[in-house]
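Undergrad: Below is one structure. I have some questions about it.
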Amino acid sequence: MPFDPIDLDHTFPAPIGVDVKGEVWACVEMPDSAAFFGTGRSVRVDLTVDDLPLKDVGMMVTGTGGHMVSLNAAARRKLGKDVGDTVTVHLERWVK
């Protein structure tokens, strides 16, 4: 069931790199996000990673109470960062 977008103002630091079944993925994780969003399902958000805006991106569940968002190679190049580096993530809007 769709709902009206919800404006957010939540910032957290996160390292790039999430262990998924023994493999490190180029993602950033928001710990305890299932409690924050009130769901253990994927969510779509607008966010900024450092100064890079990402609109209507999916945050996938991690299975440990968190959600993660993937940072593809192009995004990491724009950021000048890679796996192991820390970024600041600012959630701006929960879009659906």
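The values are calculated or read from the model by the stated rules, or taken from the named source; none is laboratory data. Predicted model only: the values in this text are computed from it and were never measured. Quick reminder, even Gly has a Cβ in these numbers, built from the backbone with ideal geometry, and neighbours come from all protein chains shown. The accessibility values were calculated without ligands, DNA or RNA, using every heavy atom of the protein model including side chains. Shrake-Rupley method; radii C 1.70, N 1.55, O 1.52, S 1.80 Å.
Undergrad: Can you count the Lys pairs in the chain with C-alpha separation below 26 Å, eight or more apart or on different chains?
TA: Lysine pairs satisfying the spacing and distance rule in the chain number 4.
Undergrad: Starting from the amide H of Leu54, placed 1.01 Å from N in the peptide plane, find each other amide H under 5 Å away whose residue is 5 or more places distant or on another chain.
TA: Correct list: Leu47, Thr48, Val49.
Undergrad: What is the percent carbon and sulfur in the accessible area of the chain, measuring with a 1.4 Å probe over the protein chains and ignoring ligands?
TA: Answer for the chain: carbon and sulfur cover 52 percent of the accessible area.
Undergrad: Next question. What list of ³J(HN,Hα) values in whole Hz, one per residue of the stretch 74-87 in order, does the Karplus curve 6.51 cos²θ - 1.76 cosθ + 1.60 (θ = phi - 60°) give from phi, with Gly and Pro shown as x?
TA: These are the phi-based 3J(HN,Hα) values: 5, 5, 5, 5, 4, 6, x, 9, 9, 3, x, 7, 9, 10 Hz.
Undergrad: Work out Dmax and Rg for the chain from the C-alpha atoms and quote the Rg first, both in angstrom.
TA: 12.7, 38
Undergrad: Considering the options Ala34, Gly22, Leu79, tell which one lies farthest towards the positive end of the dipole of the chain, charges being +1 on Lys and Arg and -1 on Asp and Glu at the Cβ, about the Cα centre.
TA: Result: Gly22.
Undergrad: On to the next question. Is there a quick way to get the dipole size of the chain? I mean about its Cα centre, with the Cβ of Lys and Arg at +1 and of Asp and Glu at -1; what is the value in debye to the nearest 20?
TA: 320 debye
Undergrad: Just from its helices, what would the mean residue ellipticity at 222 nm be for the chain, if runs of 4 or more DSSP H residues each count -39500 (n - 2.57) and the sum is divided by every residue, rounded to the nearest 500 deg cm²/dmol?
TA: For the chain, the value works out to -3000 deg cm²/dmol.
Undergrad: In addition: Tabulate in residue order the Karplus-calculated ³J(HN,Hα) for the stretch 90-95, using 6.51 cos²θ - 1.76 cosθ + 1.60 with θ = phi - 60°, rounded to whole Hz; enter x for Gly and Pro.
TA: My calculation for the stretch 90-95 gives 10, 7, 10, 7, 9, 8 Hz in order.
Undergrad: Placing unit charges on C-beta atoms (Lys and Arg positive, Asp and Glu negative, everything else neutral), compute the dipole magnitude of the stretch 1-56 about its Cα centre in debye, rounded to 20.
TA: Here the size comes out at about 260 debye.
Undergrad: If amide hydrogens are placed 1.01 Å from N in the peptide plane, which non-local residues have theirs closer than 5 Å to the one on Val43?
TA: Excluding prolines and chain starts, which carry no amide H, the hits are Met59.
Undergrad: If you don't mind, there's one more thing I want to ask. Taking only protein heavy atoms into account and a 1.4 Å probe, give the accessible area per residue of the chain in Å².
TA: Result: 59 Å² of accessible area for each residue.
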